[in-house]
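See structure below.
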Amino acid sequence: MDERRFQQIVDGDGRIEPRDEMPDGYRKTLIRQIAQHAHSEIIGMQPEGNWITRAPSLRRKAILVAKVQDEAGHGLYLYGAAETLGADRDELLDMLHSGRQKYSTIFNYPTVSWADVAAIGWLVDGAAIMNQVPLTRCSSGPYARAMIRVCKEESFHQRQGFEAMTVLANGSPAQRRMAQDALDRWWWPSLRMFGPSDDNSPNSAQSMAWGIKRFSNDELRQRFVDATVPQAEHLGLTVPDPDLRLDAATGHHVFGEIDWTEFFEVMKGNGPCNRQRLERRVTAHEEGAWVREAAAAYASKQAAREVAA
Ligand code: BYC
């Protein structure tokens, strides 16, 4: 294949479509990232799904059900995007279930109170938007298009989280304590969602040259901190970082040391909920086998009817 031509398209901000020629490494990197992204979406249904039966009101329950369904939809768009690159969905799911492919570390933390659902919307979806808006301009056509719809939905998710957090932060002393406790537990894991620091991110240089990543992990993390700290101040909550300060000269927030040991431990499978998340995923997949079989049988009947017509 003509790699120079490929790089010219990428450098000229063009889109690479499934039938276009592309270097093997580009295809592999995209499948890896899109699959891990898809896995994160469907595993990400679990921590919040835990609260559907215990949401504090009908309104909150309706919002939460819609949000968790949206995450399933995001998984579907993303597995679809990976399939356009030649990946097999069953194989990707096998890799998730056997631990050979990753999903975001953030979903290995427990949701112990209702405020955690609010904090996930505010912080986790907020971090997701920061990371995913640039992906709407990535060089892969199918991934970029999937991200446009995902980002619109994530934006609603973030707003509902911030609104729920606002209600708690302005509520009774017990509700304020819940809100602060949730911020205390979700802040640092949210910063780690952006991935390892730039000097320890093996895939970044190539992914940036290929136009898959538009900004580095540290750049996006910094943007998230700069956007979120004023929101915490607005809520009257304290970000759990004694070293956090606004640097007047740069206009950016300087923040404390990230615990990378914890990040790599969770990535290796040793986080508080890794085993539970995977076990539930595998069980849900097995219990859903009849639905997939029924859908496939229906599709082949329809196809046979079309051939006969
Ligand atoms: N967790 O070289 P690097 C959501 C891995 S879903 C686990 O920087 P890359 C939502 C990385 O895969 C949010 N692993 O990698 C859903 C690589 O390992 P491999 C998910 C991580 O790919 C439901 C190694 O570390 N978002 O928002 O250039 C409810 C070295 O890293 C993590 C996406 O997936 C992590 N946090 O950059 C609510 C976005 N970070 O594969 C919300 C798309 C890094 O070499 N993905 N690793 O073995 C990306 O933008 C990029 O893949 C990353 C990492 C920035 C995450």
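Output the Cα-based Rg and Dmax of the range 250-309 in Å, rounding Rg to one decimal and Dmax to a whole number.
23.4, 69
Please find, in a Gaussian network model of the chain (springs between Cα atoms separated by less than 10 Å), the residue of A118, A164, A284 whose mean-square fluctuation is greatest.
Most flexible of the set in this elastic network: A284.
For the range 198-283, go through all pairs of different Cα atoms, get the mean of 1/r, take its inverse, and jot down that Kirkwood value in Å.
Values: mean 1/r = 0.0628 Å⁻¹.
Hydrodynamic radius (Kirkwood, Cα only) of the range 198-283 equals 15.9 Å.
Where the only charges are on Cβ atoms (+1 Lys, Arg; -1 Asp, Glu), what is the dipole of the chain about its Cα centre, to the nearest 20 debye?
Working: 37 positive and 42 negative charges, 175 e Å.
Dipole about the Cα centre, nearest 20: 840 debye.
Between D13 and L58, what is the spin-label point distance in nm, taking each point 7 Å from the Cα along the Cα→C-beta axis?
4.9
Grab the DSSP H runs of the chain that are 4 residues or longer, score each as -39,500 (n - 2.57), total them, divide by all residues and round the 222 nm result to the nearest 500 deg cm²/dmol. If you can, show how the numbers build up before the last one.
Working: 14 runs with 198 residues, N = 309.
Mean residue ellipticity at 222 nm (helix-derived): -20500 deg cm²/dmol.
How long are the semi-axes of the equivalent ellipsoid of the range 165-212, defined as square roots of 5 times the Cα gyration tensor eigenvalues? Whole Å, largest first.
The answer is 38, 11, 5 Å, longest axis first.
Which entries of K102/K301; K28/K213; K61/K301 show an alpha-carbon separation above 26 angstrom in the structure shown?
Long pairs (Cα-Cα over 26 Å): K102/K301; K61/K301.
Take the alpha-carbon positions of the range 1-143, form their convex hull, and give its projected area averaged over all directions (one quarter of the hull surface) in nm². Don't skip to the end; give the middle numbers.
Details: hull surface 37.6 nm².
Convex hull of Cα atoms, orientation-averaged projection: 9.4 nm².
All other residues with a Cβ under 11 Å from the Cβ of G256 taken together, and with Lys, Arg as +1 and Asp, Glu as -1, what is their net charge? Display every interim value, and only then the final one.
Numbers: positive: R245; negative: D241, D243, E257, D259.
Counting the neighbours of G256, the net charge comes to -3.
Would you mind getting me the FRET efficiency between T261 and Q231? Use the beta-carbon distance for r and R0 = 25 Å, nearest 0.05.
Details: r = 28 Å, r/R0 = 1.13.
Rounded to the nearest 0.05, the efficiency is 0.35.
Compute for the range 102-141: radius of gyration divided by Kirkwood radius, i.e. Rg/Rh, restricted to C-alpha atoms, rounded to two decimals.
Working: Rg = 13.0 Å, Rh = 11.8 Å.
Here Rg/Rh amounts to 1.11.
Please list, in chain and number order, the residues 5+ apart from I16 or on another chain whose amide H is under 5 Å from its amide H, with Hs placed from the backbone.
Amide H neighbours of I16, under 5 Å, 5+ apart: S140, G141.
What FRET efficiency comes out for D198 versus A72 if R0 is 30 angstrom and r is the Cβ-Cβ distance? Round to the nearest 0.05.
Approximately 0.40, to the nearest 0.05.
Within the set of other residues whose C-beta is less than 12 Å from the C-beta of G161, count the net charge using Lys and Arg as +1 and Asp and Glu as -1. If you can, show how the numbers build up before the last one.
Working: positive: R60, K67, R159; negative: E48, D116, D125, E154, E163.
Residues near G161 contribute -2 overall.
For the chain, what is the largest minus smallest coordinate of the Cα atoms on each principal axis, given in angstrom and ordered from greatest to least?
68, 47, 33
Give me the Debye-computed log₁₀ of I(q)/I(0) at q = 0.08, 0.14, 0.17 Å⁻¹ for the range 122-274, equal point scatterers on Cα only, no solvent, two decimals.
-0.26, -0.80, -1.14
Show log10 I(q)/I(0) for the range 1-41 at q = 0.27, 0.33, 0.34 Å⁻¹, two decimals, from a solvent-free Debye sum over equal Cα scatterers.
Once normalised to I(0) and log-transformed, intensities are -0.95, -1.12, -1.15.
Since every read-out is calculated from the coordinates, none of them should be taken as a lab result. Quantities reported herein were computed from a predicted structural model and do not represent experimental measurements. When we count neighbours, we look across all protein chains shown, and the Cβ atoms used for this are built from the backbone with ideal geometry, even at glycine.
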